[in-house]
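Visitor: Shown below is the structure under consideration.
The values are calculated or read from the model by the stated rules, or taken from the named source; none is laboratory data. Everything numeric in this text was worked out from a predicted model, so none of it was measured. Here Cβ is always computed from backbone atoms with ideal geometry, including for glycine, and neighbour counts include all displayed protein chains.
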Amino acid sequence: VPILGCMAQPGEICAYCAQPVLTGEEKPEHAIPAALGASLTVDTVCDPCNCWAGKEIDQPFLEDDWVRLHRSQSGVVDPRRGRKSRPTSSPMLQGYTDDGDFVRLDQNGEPRLRSRIVDLGEQKFQIRADSIEEMERLKRRVEKRTGKEITDEAITHFSSQPRVHGRMSLDTLVWLRQTAKIGLAVGSQVYPEAWRTGADAARLREWLNSEDALAPLGQAIGLVPREVSGTPIERFVNGATHLVFFQRTKEATMLIVVLLGSVFVSLPVDTSGGPTPQIAWKLDPARPKAGGQTSFDTLLGEAAEQFIAEHSEQSAD
Ligand SMILES: [Zn+2]
């Protein structure tokens, strides 16, 4: 049984840099970025590594289209920003027309065109806008610019339903590095200190510092996110919760990380054949300050309850 919640001792090993630099007064490090409303913090990361990971690992991760897509679908906003929090815009709901105009869907699902004035030369202008009011506003701007009034006869109106091309990318490298970070942070809490200097942590550290997404031969684990929907993990999830738990396979103890209830990654954290940690975390982004520590048994029990509730509802129908 791992000892949890202990303060790091001076001279202890930092989980990220493997140097004996911990003072015991480290700032809490968020295993999963705090912007996602995940309260799982560890005290086994030195402050310089904490700061570095925020900039080099969390920030690029939060900018990835795949993360933004799931954030926008879950409606989870950055809890640290209070009222200033804005929903994440979905990379799926925006794109460019054939003419190069930027279009996005607003919160009501209405297409919004970024309006603009195209100078065609010889005192001719084209106004591109998504409403009559917006077109009138830009017309007045053209009048101001040219110093001439534009008469109705001088205007040719046209409207079209543009075809919009969108593009979404998945940066496997930022996922690899973020996943390795979560593995190091959680592993350093759950396993004895010696784990931090062992082979499993060393491999995670290699991924953490990786500059390309290629795994070494024989370790072809893509650490790419997979959709929760349609997998056995689905039964553990309710709402946009983050889940962290361990699962044993033949080769290793895997850490399973579910983000926003919709996407998950699994990674090997212990190949020594030791016991599978029973600790788990269930983190509700709506209550980002709660600790969320639980056990795998509790997660299983809740999944069973949920299954029974759903099943009896269906029977009642
Ligand atoms: Zn460090």
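Visitor: Can you name the residue in the range 42-61 that is hydrophobic (A, V, I, L, M, F, W, C) and within 17 Å of Q19 (Cβ to Cβ) and is also nearest to the chain's Cα centre (by Cα) among such residues?
Guide: To start, the set of residues in the range 42-61 that are hydrophobic (A, V, I, L, M, F, W, C) comprises 42, 45-46, 49, 51-53, 57, 61.
Still in the list and also within 17 Å of Q19 (Cβ to Cβ): 42, 45-46, 49, 51-53.
Working: V42: 19, V45: 21, C46: 23, C49: 20, C51: 18, W52: 18, A53: 15 Å.
Of everything passing the filter in the range 42-61, A53 is nearest to the chain's Cα centre (by Cα).
Visitor: Checking the structure you have, find out if any residue of the range 51-60 is under 23 Å from R114 (Cα atoms) and touching a residue at least 12 places away in the same chain (Cβ under 8 Å).
Guide: No, the range 51-60 has no match at all.
Visitor: I'm trying to understand the selection: among the residues of the range 232-263, which are in a strand (DSSP E or B) and among the β-branched types (V, I, T)?
Guide: V244, T253, I256, V257, V258, V263
Visitor: Within the bounds of the range 101-112, is there any residue that is touching a Pro at 6+ places or on another chain (Cβ under 9 Å) and among the aromatic types (F, W, Y)?
Guide: No, because not a single residue in the range 101-112 is touching a Pro at 6+ places or on another chain (Cβ under 9 Å) and among the aromatic types (F, W, Y).
Visitor: So, one more: Is there a residue in the range 81-94 that is more than 13 Å from the ligand (Cβ to nearest atom), aliphatic (A, V, I, L, M) and at pLDDT below 90?
Guide: For the range 81-94, residues more than 13 Å from the ligand (Cβ to nearest atom), aliphatic (A, V, I, L, M) and at pLDDT below 90: present.
Visitor: For the range 145-167, how many residues meet the condition of being among the hydrophobic types (A, V, I, L, M, F, W, C) and more than 47 Å from the chain's Cα centre (by Cα)? Walk me through it before giving the result.
Guide: Of all residues in the range 145-167, those among the hydrophobic types (A, V, I, L, M, F, W, C) come to 150, 154-155, 158, 164.
Pick out the ones that are also more than 47 Å from the chain's Cα centre (by Cα) and you get 150, 154-155.
Of the residues in that region, 3 qualify.
Visitor: Then there is this: Determine whether D130 is free of Cβ contacts under 8 Å to residues at least 40 places away in the same chain, surrounded by 11 or more Cβ atoms within 10 Å (Cβ to Cβ) and within 30 Å of L69 (Cα to Cα).
Guide: In short, yes.
Visitor: Something else about it: Please specify each residue of the range 10-21 satisfying the condition of being within 8 Å of the ligand (Cβ to nearest atom) and buried (at least 19 other Cβ atoms within 10 Å of the Cβ).
Guide: If we filter the range 10-21 for residues that are within 8 Å of the ligand (Cβ to nearest atom), which is where we start, we get 14-19, 21.
C14, A15, Y16, listed by residue number.
Visitor: If the requirement is being surrounded by fewer than 15 Cβ atoms within 10 Å (Cβ to Cβ), in contact (Cβ under 8 Å) with a residue 60 or more places away in the chain and either more than 30 Å from T294 (Cα to Cα) or small (G, A, S) (or both), which of these qualifies: D65, D106, D98, D119?
Guide: Within the list D65, D106, D98, D119, the selection yields D98.
Visitor: Here are some residues: L62, L36, L40. Which one is more than 16 Å from the ligand (Cβ to nearest atom), under 22 Å from D200 (Cα atoms) and not basic (K, R)?
Guide: Testing whether each residue is more than 16 Å from the ligand (Cβ to nearest atom), under 22 Å from D200 (Cα atoms) and not basic (K, R) leaves just L40.
Visitor: Any idea how many residues of the range 79-95 are of a type outside the set (A, V, I, L, M, F, W, C), touching a strand residue (DSSP E or B) at 6+ places or on another chain (Cβ under 8 Å) and touching a residue at least 40 places away in the same chain (Cβ under 8 Å)?
Guide: 2
Visitor: Say whether the condition of being in a helix (DSSP H, G or I), modelled with pLDDT under 95 and out of contact with any Phe, Trp or Tyr (no Cβ under 6 Å at 6 or more places or on another chain) is met by at least one residue in the range 19-34.
Guide: Yes, the range 19-34 contains a residue that is in a helix (DSSP H, G or I), modelled with pLDDT under 95 and out of contact with any Phe, Trp or Tyr (no Cβ under 6 Å at 6 or more places or on another chain).
Visitor: Go through the range 210-263 and give me each residue that's at pLDDT 90 or above, surrounded by fewer than 17 Cβ atoms within 10 Å (Cβ to Cβ), hydroxyl-bearing (S, T, Y) and more than 18 Å from A303 (Cβ to Cβ).
Guide: If the condition is that a residue be at pLDDT 90 or above, surrounded by fewer than 17 Cβ atoms within 10 Å (Cβ to Cβ), hydroxyl-bearing (S, T, Y) and more than 18 Å from A303 (Cβ to Cβ), then T249 is the only one that fits.
Visitor: Looking only at the range 145-177, filter to residues that are polar (S, T, N, Q) and not in a loop (DSSP other than H, G, I, E, B); which one of those is surrounded by the fewest Cβ atoms within 10 Å (Cβ to Cβ)?
Guide: Per the stated criteria, the residue is T146.
Visitor: So, one more: Restricting attention to the range 178-200, does a residue exist that is part of a loop (DSSP other than H, G, I, E, B) and surrounded by 20 or more Cβ atoms within 10 Å (Cβ to Cβ)?
Guide: Within the range 178-200, one or more residues are part of a loop (DSSP other than H, G, I, E, B) and surrounded by 20 or more Cβ atoms within 10 Å (Cβ to Cβ).
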